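Structure first, commentary second.
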Amino acid sequence: MSAQPFVVLDGIAKRWKGALGVQDICLTIEEGSFVALLGPSGCGKSTTLRLLAGLETPDEGRIMIDGADVTHRPASARNLSMVFQSYALFPHLSVAENVMFGMKVRRVPKAERLRSLHRAMEITGLLGFEDRKPNELSGGQRQRVALARAIVAGQRLCLMDEPLSNLDAKLRHAVRKDIKKLQQDLGITVVYVTHDQTEAMSMADKVVLMRDGEIQQIGTPEQLYSQPENTFAAEFVGAPPMALIDGAALPGFSDGHTIGVRAENIVLAETGQGDLQCRVTDCEFLGAETFIGLQHPQARGLTLKVAGLKNIPAGQVIDIVLARETLLSFDKEGRKIPQG
Amino acid sequence: MNRLSRHLDSFGAILLAVIWIAPLLFAFWAAFHSTTDAVNFNLTSRLTLDNFRVAWDGAPWLRYFMNTFLLVTIVLIGQFIITTLAGFAFAQVSFPGKDFIFILVLLQLFILPEVLIVENYAMVSRLGLFDSLLGVGMPYMASAFGIFLMRQAFKSVPIELDEAARIEGCGWFGVLLKVYVPLAKPTYLAYALVSVSTHWNNFLWPLIVTNSDKTRPLTVGLSIFGAPENGVDISIISAATIMSVAPLLIAFLVFQRQFVQAFLRTGIK
């Protein structure tokens with residue numbers, strides 16, 4: 001990692017005809033890292049990516065890539081590559097022509113072009129498909145062509161806009177691993193937009209959580225999971241998300257505060273000896289464990305994790321104990337209160 | 001009732017088709033028979049190619065063919081360049097007054113070309129292009145229909161392809177040439193068909209603006225050849241007519257499938 005960050009977004013804002021797109025985006029990205037922009041739809045994560053790509057121009061702020069101010073440079077002069085959600089393969093060109101498109105535009109000599117093509121095809125497992133047209137490929141193959149096009153020219157920065165959202169669940173999992181491995185093998189910097197927190201948590205070195213055009217939290221997946229900065233982060237990250245309990249419902253916590261607890265820190269207790277008494281709403285069996293949904297008038301998102309298969313009839317009242325040292329407190333505005 | 005109306009539909013269609021094709025069929029008939037046999041509809045009469053021989057020697061047809069061919073080529077090239085650039089601007093470039101200017105362009109569709117003949121004549125003379133093929137073709141190059149067609153075709157290109165090409169290092173002209181134009185190929189084919197057949201058959205404007213055999217296209221040449229002062233011989237005129245429509249007719253028959261597909265894909269009828 002170099003001393004100076006590879007990519008810097010400094011106070012970026014973008015408005016659409018007065019309506020807010022994104023604002024106050026400050027973000028630094030180290031070379032060779034995998035950064036995920038995470039958030040619900042409409043949170044501005046794609047806008048941020050497009051600003052970085054040069055497909056939109058920011059109203060405020062500066063963008064630096066590799067030490068150069070590229071704020072007003074067009075997309076074609078930013079030396080990056082991008083994988084689109086729809087893959088954006090040129091339907092009139094063959095796989096090989098699609099992959100070599102950028103190198104042809106940049107007038108790379110033919111011999112070198114073919115060498116890079118072969119290497120990219122090899123890496124993405126597309127050898128033998130060079131002469132096919134995109135519409136003769138399956139969704140997963142198209143996705144790999146888009147990846148090949150992004151890596152073939154050896155750009156150091158690669159942007160990905162929800163590249164897995166058009167794949168089925170099983171393929172998504174496999175490609176997720178492939179992308180991560182590719183990024184590490186090539187040592188490239190990836191900025192990855194997704195609304196799926198599992199994707200962000202499993203792939204990224206650094207997760208940027210966004211909502212309503214603003215950054216909520218930047219941190220490693222571990223930080224986002226165990227130290228959410230606010231209730232939004234607590235409820236967005238993790239499966240199941242963090243449960244939030246009204247402070248008044250728990251002894252020893254002040255009114256108006258919200259207490260956050262992860263499912264793994266909730267334990268079933270003997271009747272009458274728990275912190276909270278809840279009603280069972282549903283049981284979700286996942287194989288190794290069962291998630292038991294709980295209902296309490298002063299809490300939301302309470303889930304109890306039990307190993308193996310456990311079936312508690314809905315409506316039954318049970319008691320739970322919370323592991324005290326793991327609880328997080330949030331103030332009235334939903335911000336985390338520092339512990340200590 | 002339903003069956004009757006269906007029969008009526010087919011009957012009407014066949015009737016219209018017969019009325020439409022009748023002059024062409026007669027021209028074919030007349031072209032291959034001597035004049036007397038042709039008008040008497042003598043079915044057993046001998047086929048002859050004499051009419052073609054006489055017609056061919058009667059006028060500089062090769063020159064006319066060449067002129068028409070050059071004319072439609074010049075017009076088509078000019079139209080492709082102008083409608084591509086204008087269509088792209090109206091579809092994907094944002095500039096002030098875009099909608100207003102586009103409406104002005106569309107208004108041109110409501111004006112019959114014949115209305116503009118005098119003004120066009122004056123303009124072509126001022127440009128010093130009178131009696132030249134460029135002068136014949138020029139007024140048709142900035143075709144409103146073509147601009148509209150290209151704009152629609154370019155608008156239907158997914159924006160991600162444009163963006164992907166720009167990220168890969170293309171400027172606007174590169175994007176236009178490498179993404180928009182190839183993807184609008186069916187539209188170009190359909191438009192080329194319309195343009196070529198229109199200008200192959202165009203008569204009034206070339207008649208006015210051409211003055212010599214050097215520039216005269218087929219239609220004008222044919223009308224001079226068939227003018228009453230040269231004596232009316234229906235068989236010879238038919239032969240000349242068949243000659244002048246033959247290239248277009250053959251081209252259409254050969255490329256019929258592609259043309260129909262191109263039309264279906266672009267949605268013009």
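The values are calculated or read from the model by the stated rules, or taken from the named source; none is laboratory data. Just so it is clear, the structure is predicted and the values come from calculations on it, not from any experiment. All Cβ positions, even for glycine, are placed from backbone atoms using ideal geometry, and neighbour counts span all protein chains on display.
The table for this structure:
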{"quantity": "Qualifying residue in the range B:153-169 (condition: within 14 Å of another protein chain (Cβ to nearest Cβ), outside any helix (DSSP H, G or I) and either touching a strand residue (DSSP E or B) at 6+ places or on another chain (Cβ under 8 Å) or within 14 Å of residue B:86 (Cβ to Cβ) (or both))", "calculated": "yes"}
{"quantity": "Failed item, numbered, when residue B:221 is tested on (1) free of Cβ contacts under 8 Å to residues at least 24 places away in the same chain; (2) touching a Pro at 6+ places or on another chain (Cβ under 8 Å); (3) among the small types (Gly, Ala, Ser)", "calculated": "(1)"}
{"quantity": "Any chance residue B:146 is in contact with a His (Cβ under 8 Å, 6 or more places away or on another chain) and either more than 14 Å from chain A (Cβ to nearest Cβ) or without any contact (Cβ under 8 Å) to a residue 12 or more places away in the chain (or both)", "calculated": "no"}
{"quantity": "Lone unmet requirement of (1) in contact (Cβ under 8 Å) with a residue 40 or more places away in the chain; (2) within 19 Å of residue A:192 (Cβ to Cβ) for residue A:55", "calculated": "(1)"}
{"quantity": "Residue that is farthest from the other protein chains (Cβ to nearest Cβ), among those in the range A:147-200 that are closer than 20 Å to residue A:89 by Cβ and basic (Lys, Arg)", "calculated": "A:172"}
{"quantity": "Condition check for residue B:197: of a type in the set (Gly, Ala, Ser) and within 14 Å of chain A (Cβ to nearest Cβ)", "calculated": "no"}
{"quantity": "Meets criteria (basic (Lys, Arg) and either within 18 Å of residue A:46 (Cα to Cα) or within 10 Å of chain B (Cβ to nearest Cβ) (or both)) for residue A:113", "calculated": "no"}
{"quantity": "Evaluation of residue A:53 against (1) more than 11 Å from chain B (Cβ to nearest Cβ); (2) buried (at least 17 other Cβ atoms within 10 Å of the Cβ) (one fails), failing number", "calculated": "(1)"}
{"quantity": "Number of positions in the range B:125-140 that are part of a helix (DSSP H, G or I) and within 21 Å of the chain's Cα centre (by Cα)", "calculated": "8"}
{"quantity": "Within the range B:96-108, tally of residues that are in contact with a helix residue (DSSP H, G or I) (Cβ under 7 Å, 6 or more places away or on another chain) and either modelled with pLDDT of 90 or more or assigned to a loop (DSSP other than H, G, I, E, B) (or both)", "calculated": "4"}
{"quantity": "Qualifying residue in the range A:195-208 (condition: buried (at least 18 other Cβ atoms within 10 Å of the Cβ), touching a His at 6+ places or on another chain (Cβ under 8 Å) and among the acidic types (Asp, Glu))", "calculated": "no"}
{"quantity": "The range A:124-141 - residue that is polar (S, T, N, Q) and within 24 Å of the chain's Cα centre (by Cα) and, of those, nearest to residue A:190 (Cα to Cα)", "calculated": "A:124"}
{"quantity": "Failed criterion for residue A:95 (all others in (1) away from chain B (no Cβ under 13 Å); (2) modelled with pLDDT under 95; (3) crowded, with 21+ Cβ neighbours inside 10 Å hold)", "calculated": "(2)"}
{"quantity": "Where residue A:67 falls short, out of the listed (1) of a type outside the set (Val, Ile, Thr); (2) more than 14 Å from every other protein chain (Cβ to nearest Cβ); (3) in contact with a Lys or Arg (Cβ under 9 Å, 6 or more places away or on another chain)", "calculated": "(3)"}
{"quantity": "In the range A:147-175, the residues that are under 20 Å from the mean Cα position of the chain (by Cα) and crowded, with 20+ Cβ neighbours inside 10 Å", "calculated": "A:147, A:150, A:157, A:158, A:159, A:160, A:161, A:162, A:163, A:164"}
{"quantity": "Selected residue (only one of A:119, A:73, A:107, A:144 is part of a helix (DSSP H, G or I), more than 9 Å from every other protein chain (Cβ to nearest Cβ) and more than 26 Å from the chain's Cα centre (by Cα))", "calculated": "A:119"}
{"quantity": "In the range B:204-218, the residues that are surrounded by 19 or more Cβ atoms within 10 Å (Cβ to Cβ) and not charged (D, E, K, R)", "calculated": "B:205, B:206, B:209, B:210, B:215, B:217, B:218"}
